[in-house]
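Shown next, in structure tokens, is the structure this report addresses.
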Amino acid sequence: MIFLKSESEIEKMREAAQLVSRTLAEVAKEIKPGVETGRLDRIAEDFIVKNNARPAFKGYGPKPNPFPATLCISINEEVVHGIPGKRKLKEGDIVSVDCGVEKNGYFGDHAYTFTVGECDPEDLKLLKVTLESLYKGIEKAIHGNKTGDIGSAVEKHCSAYGYGVVRDLVGHGIGKQMHEDPSVPNYGKPGRGERLRTGMTLAIEPMITRGTWKVKSLSDKWTIVTADGSNAAHFEHDVVVREGKADILSTFDYITEITKNEILECSYG
Ligand code: MG
Ligand code: MG
């Protein structure tokens with residue numbers, strides 16, 4: 001079931017999404033070689049709670065193994081759902097940080113892939129192309145289009161570079177639940193899928209690899225890695241479908257103020 005949001009609901013969702021944006025910027029300040037991922041998680045949780053919200057990932061998922069942390073931190077060949085802990089970031093790592101909050105009954109969910117110090121130029125290219133593909137997808141998130149228009153735009157852009165477009169995990173509707181209908185795959189055919197209507201709120205989130213689209217999960221039951229060990233990137237925004245142009249609720253501006261990584265500054269509209 002798809003829930004269309006009123007303008008007052010959308011403003012609450014914007015507040016939730018913007019809190020995630022600011023949380024990711026707090027994390028960005030601490031991304032450097034030698035930092036434990038568990039420390040990043042604590043920073044994020046403290047910031048969210050201080051802002052009168054709830055970390056939405058913590059405790060999410062079926063018992064007896066719900067997700068145990070505030071952030072998903074996924075390094076290099078880890079695609080998504082990595083669990084923060086004692087692992088330390090290293091020079092040259094690429095690190096995807098995904099964060100969700102619930103604030104005033106509405107959810108925000110977005111993600112950014114950071115570089116740690118100097119990275120392999122090929123990894124940097126992967127990040128840039130994945131970020132570009134996110135905005136290509138968002139361009140299609142307009143009234144009258146279909147979810148397949150979003151997926152095909154993402155897929156077309158990334159496939160042109162020979163990258164793998166992960167198929168087992170997809171974007172989604174978002175609102176009073178973190179995951180609502182419809183599914184928003186990062187692949188597809190134009191004109192296929194669910195029809196998009198003004199007031200639909202979507203989390204669009206390309207997960208792209210330098211190798212295969214195939215993934216597998218680790219024995220911790222959460223971490224998803226590429227099947228071939230190639231590195232992966234993940235960027236996610238929350239958007240509102242509107243007539244003519246989507247409205248992006250989240251922003252990477254707070255992050256880029258910290259990282260000053262011009263290659264990963266990509267704007268929309
Ligand atoms: Mg997410
Ligand atoms: Mg999501």
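The values are calculated or read from the model by the stated rules, or taken from the named source; none is laboratory data. None of these values were measured; they are calculated from a predicted model. Methodologically, a virtual Cβ is constructed for each residue, glycine included, from the backbone with ideal geometry; neighbour enumeration extends over all protein chains shown. In case anyone asks, the SASA skips ligands and DNA or RNA and just uses the protein heavy atoms, side chains included. Shrake-Rupley method; radii C 1.70, N 1.55, O 1.52, S 1.80 Å.
List of remarks:
- Helical mean residue ellipticity (222 nm; -39500 (n - 2.57) per DSSP H run of 4+; nearest 500) of the chain: -9000 deg cm²/dmol
- Projecting the Cα atoms of Leu131, Val49, Cys72 onto the dipole axis of the stretch 7-264, where Lys and Arg carry +1 and Asp and Glu carry -1 at the beta carbon, places Cys72 farthest toward the positive end.
- With every protein chain in place and a 1.4 angstrom probe, the accessible-area ranking of Met13, Met1, largest first, reads Met1, Met13.
- Taking all protein chains as they are arranged and a probe of 1.4 Å, the heavy atoms of Arg87 leave approximately 100 Å² accessible to solvent.
- Taking every protein chain into account, the accessible area of the chain amounts to 43 square angstrom per residue (probe 1.4 Å).
- Model label points for Glu243 and Leu169, set 7 angstrom from Cα along the Cα-to-Cβ axis, are 3.7 nm apart.
- Measuring nothing but how far apart in sequence close Cα pairs (under 8 Å, 6+ apart) lie, relative to its length, the stretch 7-264 scores a relative contact order of 22 percent.
- Segment Glu118..Leu4, full-extension length gain: 36.7 nm, with 0.36 nm per residue of separation and the alpha-carbon distance subtracted.
- Normalising the average separation of contacting C-alpha pairs (under 8 angstrom, six or more residues apart) by the number of residues puts the relative contact order of the stretch 134-222 at 37 percent.
- Computed accessible area, Asp253, all protein chains, 1.4 angstrom probe, square angstrom: 100
- Computed with a 1.4 Å probe over protein heavy atoms only, the accessible area of Glu36 comes to about 50 Å².
- A 1.4 Å probe over all protein chains sorts Lys103, Lys146, Lys140 by accessible area into Lys140, Lys146, Lys103, starting with the largest.
- Solvent-accessible area of the stretch 190-269 (1.4 angstrom probe, protein heavy atoms only): carbon and sulfur portion equals 46 percent.
- Inter-site label distance for Glu91 and Asn65 at 7 Å from Cα along Cβ, in nm: 3.7
- Inter-site label distance for His143 and Tyr254 at 7 Å from Cα along Cβ, in nm: 3.0
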